[in-house]
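Participant: Dumping the structure here so I can ask a few things about it.
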Amino acid sequence: MNPGKIQKNKTAILALAVAIVAVALAAIFLATGPQQTVPTSTPSLAEQTPAAPGASPATETSTTATTTPEAPRLQFQAQTQAQHQKSEVKRVILISIDAARGMDVWPLARDGFLKNMGKIAAEGAYGELSPMYPAETSPSHAALLTGAPSGIHGVFSNTAYPKSPFEGGRSEPGYWGRLIAADTIWEAALRKGYRVAVSNFIHGYVPTWQARLSDADKNKIVIIYATKAYKPGVGFASSQLYKFNNSGGKLEIRIADTVLVGEVNPGAKVLVLYQGNKKIAEVPEGGWASVVVNVTEKGTTYLTAFMVKALSLAPNDVRIYRGNALIYNAPIAWFMGPEDLKRKYWKEVVERGYIDVYHGLAGDVGRGWIDLKTYAEIVNYTVDYYWRTNLFVLKNVEFQLMTGYDVTPDPVEHAILGLMDPSMPYSNNTIAEWARRTYLGMWARIDQWLGEFMKEMKNGDVLIVVGDHGQWGVRGCVAVNTALRRAGLLVTDAKGNPDLSRSVAYYDGAYIFINPKYKADPATYSRVVEKVMEVLLSIRDPATGEWPFALVVARTGQAAGPLAPIYGHDTSVLFLDGPARLQSRIGDIAIAVKPGYCAYDKSATRDNVVNRPIPFVYSVTGCHDGLGSWKELRSIIGIWGKGVEVRQIKGFEAYAANVGSTVAALLGLELRNATFTPIWVLK
């Protein structure tokens, strides 16, 4: 079937079940009020009122708009061809803000809403940063670290396979960095005798670097990593809701084998928490408190920090919410560096308030544990945690290279980006207003912290602020494995799990893998690929009749989709080619959806192949499952510091891999596997 003939009807059909969810969300919003509560944990930051809807073009038009795809200007060149930058740069600080959307951030900066981002744009180099394929966090951050694309650095998606799942490969989080097969700017800096500081930067997973670095290098690097794919190795770190139907007497709050005692003062509407005879926190109704306590699990005691909100202290309706926890002495390490520095960080950052919206807390809205107002507060507290960490590292760690991070926009956009568009089948004007206020409030807070960070920089520092990808709003979630199962290409067991021993093809969330037994004969392999392509071409959004893909391309040369004329008929233009030893990590067919769609769903047993998101319950309302040819998926790059040339960096002038090479050039590092040229940024 010719995808060029696919009808592109964009009229949405309201689904009854999803409409009910939207009504429920509206009821929650109306019950909690439209205000955006700013946590009181950062009195040094002045409160900034988010712009009203319509104050910036970004707030009105960028959530789900489908722009015309552009052809990439490929700059896959040997680093030796680049002009070497001679500089007096003493330190380079690379900060990644996950899912910072260029089409939002720079217009908001231009309008004066994001003053510190505007300062970077006015005084330095700024523009769009194109993501590597696939436009996911792990491959893009690996490119930032290596100056190379996926085919060279070996991280092909957020779900990484050391080898094909059909050959016994077991998935692991790409965020761990264990599969990075190329030289990194961290290692290059250490070889030069420089000191390195890592503040939650993706791929900083401590067990990886404990195994990868020499003892000498371990003494020159400080790593804090408590972000994506980090699990402490205990059973009580996730969030929890506690409900009591009687406020009289004492309340027992169990965490693993530990019992905290809560007392409610009805007159003052305050929850007082005790461990034994020691008062550990007072939590006003509707307010938050940071709790630091010893928790025992299976005979081991852990020093634990989390935040607690007293949702309700009404008689017969006491509800207490506990956010996710960070454990000082966790079985899985999150800190590499001197113990006295870890204690100082724990005291000055973690004990002031630790919570991370990334670790599944959006789902707590869907569970009915928290309302939208509480969710927005968690978003703000998450920003605070990441930037307090960045500032702590800047002030307390000696380094020549620092890489910092803020996760917040990514999980927030996944949860609410589609809600910002009232035309979505699961949204309405009331919900869209709340979502925009939450989104703008988050960015106002990030910008305030960025300003505090910039004040602490020294002469000779260069700051590079980037994102890894953008996102777009989602109206349809594509379950590729469900389509493969219906076509007889994927077999499932009684529980609906894939049985790869009896299957022909399997989709891992980014690529379709073909069973190797069908690959020995080239003719057979080509026919199997053709069959899979036919299945993909047959998929339609039942609400619109639209084909949801922008590009499907096979290693054998078959390709389809509106981007096929741009990207050609093989995977080399996606930067997937590289050493043969890495190719088993990548599938046989690469997939990229078009704006409005997402293909994260790996289920093989959905009722429909294309399904509507249910906010906070099923799938996401924001997605980055595509290619940088779509403007919605481009992120930001801003370079600021003494000697930086004032100019705008155009689309496709900078990829994530160019950033790694730029860092190396500024510090005079030998980045051994870099293949992208540095961006010329100095005067």
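The values are calculated or read from the model by the stated rules, or taken from the named source; none is laboratory data. This structure is a prediction, so every number in the text was calculated from the model and none was measured. Methodologically, a virtual Cβ is constructed for each residue, glycine included, from the backbone with ideal geometry; neighbour enumeration extends over all protein chains shown.
Participant: Which numbered condition trips up ASN316, out of (1) over 21 Å from PHE236 (Cα atoms); (2) touching a residue at least 60 places away in the same chain (Cβ under 8 Å); (3) buried (at least 20 other Cβ atoms within 10 Å of the Cβ)?
Facilitator: (3)
Participant: Follow-up question, since we're still on this one. Residue under question is GLU534, and the condition is that it be in contact (Cβ under 8 Å) with a residue 60 or more places away in the chain, surrounded by fewer than 16 Cβ atoms within 10 Å (Cβ to Cβ) and either of a type in the set (A, V, I, L, M, F, W, C) or in a helix (DSSP H, G or I) (or both); does it hold?
Facilitator: Yes, satisfied.
Participant: Moving on to the next point. Please enumerate the residues belonging to the range 193-217 that are within 30 Å of VAL295 (Cα to Cα) and either assigned to a loop (DSSP other than H, G, I, E, B) or not hydrophobic (A, V, I, L, M, F, W, C) (or both).
Facilitator: SER199, ASN200, PHE201, ILE202, HIS203, GLY204, TYR205, PRO207, THR208, GLN210
Participant: Touching a His at 6+ places or on another chain (Cβ under 9 Å), of a type in the set (A, V, I, L, M, F, W, C) and touching a residue at least 12 places away in the same chain (Cβ under 8 Å): is that true of ALA125 in this structure?
Facilitator: It is false that ALA125 is touching a His at 6+ places or on another chain (Cβ under 9 Å), of a type in the set (A, V, I, L, M, F, W, C) and touching a residue at least 12 places away in the same chain (Cβ under 8 Å).
Participant: Output the residues belonging to the range 607-661 that are part of a strand (DSSP E or B) and closer than 24 Å to MET454 by Cβ.
Facilitator: Across the range 607-661, the qualifying residues are SER635, ILE636, ILE637, GLY638, ILE639, TRP640, GLY641, VAL644, ARG647, GLN648, ILE649.
Participant: Still on this model: Of everything in the range 390-408, what is farther than 29 Å from THR438 by Cβ and assigned to a helix (DSSP H, G or I)? Give them in sequence order.
Facilitator: Across the range 390-408, the qualifying residues are LYS395, ASN396.
Participant: In the range 632-653, what residues are closer than 20 Å to LYS119 by Cβ and hydrophobic (A, V, I, L, M, F, W, C)?
Facilitator: Within the range 632-653, ILE636, ILE637, ILE639, TRP640, VAL644, VAL646, ILE649 qualify.
Participant: Follow-up question, since we're still on this one. Taking the range 162-184 as the region of interest, how many residues are in contact (Cβ under 8 Å) with a residue 24 or more places away in the chain and either more than 11 Å from LEU582 (Cβ to Cβ) or in contact with a Pro (Cβ under 8 Å, 6 or more places away or on another chain) (or both)?
Facilitator: Qualifying residue count, the range 162-184: 16.
Participant: Return the only residue of ASP421, ASP410 being touching an Asp or Glu at 6+ places or on another chain (Cβ under 9 Å), in contact (Cβ under 8 Å) with a residue 60 or more places away in the chain, closer than 30 Å to ALA543 by Cβ and of a type in the set (Asp, Glu).
Facilitator: None of the other options fit; the residue is ASP410.
Participant: Looking only at residues in the range 560-573 that are part of a helix (DSSP H, G or I) and in contact with a helix residue (DSSP H, G or I) (Cβ under 7 Å, 6 or more places away or on another chain), which one is surrounded by the most Cβ atoms within 10 Å (Cβ to Cβ)?
Facilitator: In this case the residue turns out to be TYR567.
Participant: Considering TYR175, TYR230, TYR225, which residue is buried (at least 23 other Cβ atoms within 10 Å of the Cβ), more than 21 Å from GLY660 (Cβ to Cβ) and not basic (Lys, Arg)?
Facilitator: TYR230
Participant: Specify which of the listed residues (TRP346, TRP369, TRP387) is part of a loop (DSSP other than H, G, I, E, B) and aromatic (Phe, Trp, Tyr).
Facilitator: TRP369
Participant: Six or more apart or on different chains, Cβ under 7 Å: which pairs go from a residue in the range 333-346 that's under 15 Å from ARG388 (Cα atoms) to one that's at pLDDT below 95 and assigned to a helix (DSSP H, G or I)? Could you list them?
Facilitator: That search, which allows pairs on different chains as well, returns nothing.
Participant: Please verify whether ALA122 is out of contact with any Gly (no Cβ under 9 Å at 6 or more places or on another chain) and modelled with pLDDT of 90 or more, treating the condition exactly as stated.
Facilitator: Criteria met by ALA122.
Participant: So ILE416 passes all but one of these: (1) in contact (Cβ under 8 Å) with a residue 40 or more places away in the chain; (2) in contact with an Asp or Glu (Cβ under 8 Å, 6 or more places away or on another chain); (3) crowded, with 23+ Cβ neighbours inside 10 Å. Which condition number does it fail?
Facilitator: Of the numbered conditions (1) in contact (Cβ under 8 Å) with a residue 40 or more places away in the chain; (2) in contact with an Asp or Glu (Cβ under 8 Å, 6 or more places away or on another chain); (3) crowded, with 23+ Cβ neighbours inside 10 Å, the odd one out for ILE416 is (2).
Participant: Consider the range 427-484. How many of its residues are surrounded by 24 or more Cβ atoms within 10 Å (Cβ to Cβ), under 20 Å from the mean Cα position of the chain (by Cα) and aromatic (Phe, Trp, Tyr)?
Facilitator: So the answer is 3.
Participant: Still on this structure: Quick check: anything in the range 310-321 assigned to a loop (DSSP other than H, G, I, E, B) and under 24 Å from the mean Cα position of the chain (by Cα)?
Facilitator: Checked the range 310-321: no residue is assigned to a loop (DSSP other than H, G, I, E, B) and under 24 Å from the mean Cα position of the chain (by Cα).
Participant: In the range 631-652, how many residues are within 25 Å of ASN158 (Cα to Cα) and touching an Asp or Glu at 6+ places or on another chain (Cβ under 8 Å)?
Facilitator: Total satisfying the criteria: 7.
Participant: Just one of (1) buried (at least 18 other Cβ atoms within 10 Å of the Cβ); (2) over 16 Å from VAL480 (Cα atoms); (3) not aromatic (Phe, Trp, Tyr) trips up GLY557, so point out which.
Facilitator: (1)
Participant: Filtering the range 624-668 down to residues that are basic (Lys, Arg) and out of contact with any Leu (no Cβ under 9 Å at 6 or more places or on another chain), which residue is surrounded by the fewest Cβ atoms within 10 Å (Cβ to Cβ)?
Facilitator: The selected residue is LYS650.
Participant: Specify the residue that is farthest from MET336 (Cα to Cα); the eligible residues are those in the range 167-189 that are part of a helix (DSSP H, G or I) and out of contact with any strand residue (DSSP E or B) (no Cβ under 6 Å at 6 or more places or on another chain).
Facilitator: That would be GLU167.
Participant: Name the residues in the range 241-272 that are within 21 Å of ASN329 (Cα to Cα) and either in a loop (DSSP other than H, G, I, E, B) or not hydrophobic (A, V, I, L, M, F, W, C) (or both), would you?
Facilitator: Passing the criteria: ARG254, ALA256, ASP257, THR258.
Participant: Another one. Taking into account only those residues within the range 485-508 that are assigned to a loop (DSSP other than H, G, I, E, B) and among the polar types (S, T, N, Q), which is surrounded by the fewest Cβ atoms within 10 Å (Cβ to Cβ)?
Facilitator: Per the stated criteria, the residue is ASN497.
Participant: Say whether the condition of being outside any helix (DSSP H, G or I) and of a type in the set (Lys, Arg) is met by at least one residue in the range 448-461.
Facilitator: yes
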